[in-house]
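I have placed the structure first, in the form of structure tokens, so that the comments after it can refer back to it.
The values are calculated or read from the model by the stated rules, or taken from the named source; none is laboratory data. The model shown is predicted, which means the values in this text are computed figures rather than measured ones. As a convention, Cβ positions derive from the backbone with ideal geometry for all residues, glycine included, and neighbour counts pool all protein chains shown.
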Amino acid sequence: MLENIALIKEVHELLPTQEAQAHGIESLRLIDLEHIGLNRLNQCTSLEVFYVMVIRAMMAKEEVIFIVTPFFLIKKLARIEPVLEKLVLLNKEQKNIIILDNLTNQSHYKGDLCNIIK
Amino acid sequence: MILKFFEHIGQKTTDFFLSIYEAMQFTALCLIHMVQPKSYNPAMRMVLIKQIYFTAVGIIPLFIMMAFLFGSVIIGVVIALATQYNLQSQIGSIIVTFALNEFSPFFTALLISLRSGTAVNTEIAVMNVNKELNTLKEYKIDLIDYLFLPRILSGIVSVTSLSILFAIIMLGSGYIFTLFYMGMDLHTYQTLLANAVGVDNLLILLLKSVAFGFVTMLIPIYSGLKTANAYTAIPISVLNGMVKLFIAIFFIEVLSLVLQSL
């Protein structure tokens, strides 16, 4: 997972591998997932894979991040709030995070953390 | 009926030349990236180190064993035949030409193709089917720099270094056979080889190894990239890639023989 995260900074910012991986570890630590750094894809849960995808997207230069149907990406996700809280923790650069989901899941997003646009 | 027959032939011919053109274009693109310093970013260097480890270092115990087994048998047969046809005076150049110019790079290329060529073909085909290549493109990661170039360079480095190792083992085995067949001592054997080895032998070994290493990785990569969008297409891709690779290896071998005979 760590290699996967570090790749973006290695390629686009030409950071040495160790330095890029240190950034990755730091991001994983923010959401208490540093233990998955050396795991392979099949050793991670869908939630962990989702966070790695988000961290990787945060590492990219693009200012807007689209997350499409998180309830489909994360298996057995009952509540989105804990995920949204972790997204806020990870979003140090204040990027625009847009979640695209079906109207049937609308009730899950009601709260302070989300602006719902139909 | 006849028109359809000619249309079919025409279509096949056009497809054939188009695929050759595409393959050449891909080869040229890889070569251009190979000489560009910006291709060598930290991620690429890390993949390159890993690839060299998997391709060249991981195989060493098996390779040494195979080199002893096949190298000894082949060099034994060559020395026995040379003795039978009273070619003892030429034995040095026969061993050097056979071990350095012909057998070492060829056998190494075959072994690396079977072990790493298939692995690379499958890996790229799986990544292609799983759309991992598309994800990398989305993140603006150059596939040639990150995926293909390290594999091609590792192929070149691995085949060249293992060919040299194979040649050394083969020449070592040659001493055992010359000792038994001709009663030759080590010093005489060393002098014989030193006199027989020329710069041209080393150059041929290096050039052939580089060419073999290049195609050993390039063709499986290209074949993996051309995989249709289904898991069932992966074995077909590996099969096609390996057939093309073996044809390319034999083509290089024949071409080198033709060039040497000029």
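Out of (1) within 26 Å of B:Gln84 (Cβ to Cβ); (2) crowded, with 20+ Cβ neighbours inside 10 Å; (3) within 17 Å of the chain's Cα centre (by Cα), what's the single condition that is false for B:Leu257?
Every listed condition holds for B:Leu257 apart from (2).
Which of the residues belonging to the stretch B:104-132 are within 14 Å of chain A (Cβ to nearest Cβ) and either without any contact (Cβ under 8 Å) to a residue 12 or more places away in the chain or buried (at least 22 other Cβ atoms within 10 Å of the Cβ) (or both)?
B:Asn130, B:Lys131, B:Glu132 - these are the residues of the stretch B:104-132 that are within 14 Å of chain A (Cβ to nearest Cβ) and either without any contact (Cβ under 8 Å) to a residue 12 or more places away in the chain or buried (at least 22 other Cβ atoms within 10 Å of the Cβ) (or both).
Restricting to the stretch A:44-81, name every residue that is surrounded by fewer than 12 Cβ atoms within 10 Å (Cβ to Cβ) and either at positive phi or not aliphatic (A, V, I, L, M) (or both).
A:Lys61, A:Glu63, A:Phe66, A:Lys75, A:Lys76, A:Arg79
So, in the stretch B:137-169, how many residues would count as being at pLDDT 90 or above, in a helix (DSSP H, G or I) and within 14 Å of chain A (Cβ to nearest Cβ)?
8
Among the helices (runs of 4 or more DSSP H) contained in the stretch A:1-91, which hold 2 or more residues that are away from chain B (no Cβ under 14 Å) and touching a helix residue (DSSP H, G or I) at 6+ places or on another chain (Cβ under 7 Å)?
Once the helices (runs of 4 or more DSSP H) in the stretch A:1-91 are filtered for at least 2 residues that are away from chain B (no Cβ under 14 Å) and touching a helix residue (DSSP H, G or I) at 6+ places or on another chain (Cβ under 7 Å), what remains is A:17-30, A:46-59, A:70-73, A:81-90.
Determine which single condition B:Ala80 fails, assuming it passes every other condition in (1) more than 14 Å from chain A (Cβ to nearest Cβ); (2) within 21 Å of the chain's Cα centre (by Cα); (3) surrounded by fewer than 19 Cβ atoms within 10 Å (Cβ to Cβ).
That leaves (2) as the condition not met.
Looking only at the stretch B:208-236, count every residue that is in a helix (DSSP H, G or I) and touching a residue at least 12 places away in the same chain (Cβ under 8 Å) and tell me the total.
Summing the residues that are in a helix (DSSP H, G or I) and touching a residue at least 12 places away in the same chain (Cβ under 8 Å) in the stretch B:208-236 gives 20.
Tell me the residue from B:Leu179, B:Leu162 that is over 30 Å from A:Met53 (Cα atoms), of a type in the set (A, V, I, L, M) and surrounded by fewer than 20 Cβ atoms within 10 Å (Cβ to Cβ), please.
Unique residue meeting the criteria: B:Leu179.
Checking the condition assigned to a helix (DSSP H, G or I), of a type outside the set (Gly, Ala, Ser) and either touching a Ser or Thr at 6+ places or on another chain (Cβ under 8 Å) or touching a residue at least 40 places away in the same chain (Cβ under 8 Å) (or both), which residue from B:Leu239, B:Leu202 passes?
Step by step, each of B:Leu239, B:Leu202 is checked, and only B:Leu202 is assigned to a helix (DSSP H, G or I), of a type outside the set (Gly, Ala, Ser) and either touching a Ser or Thr at 6+ places or on another chain (Cβ under 8 Å) or touching a residue at least 40 places away in the same chain (Cβ under 8 Å) (or both).
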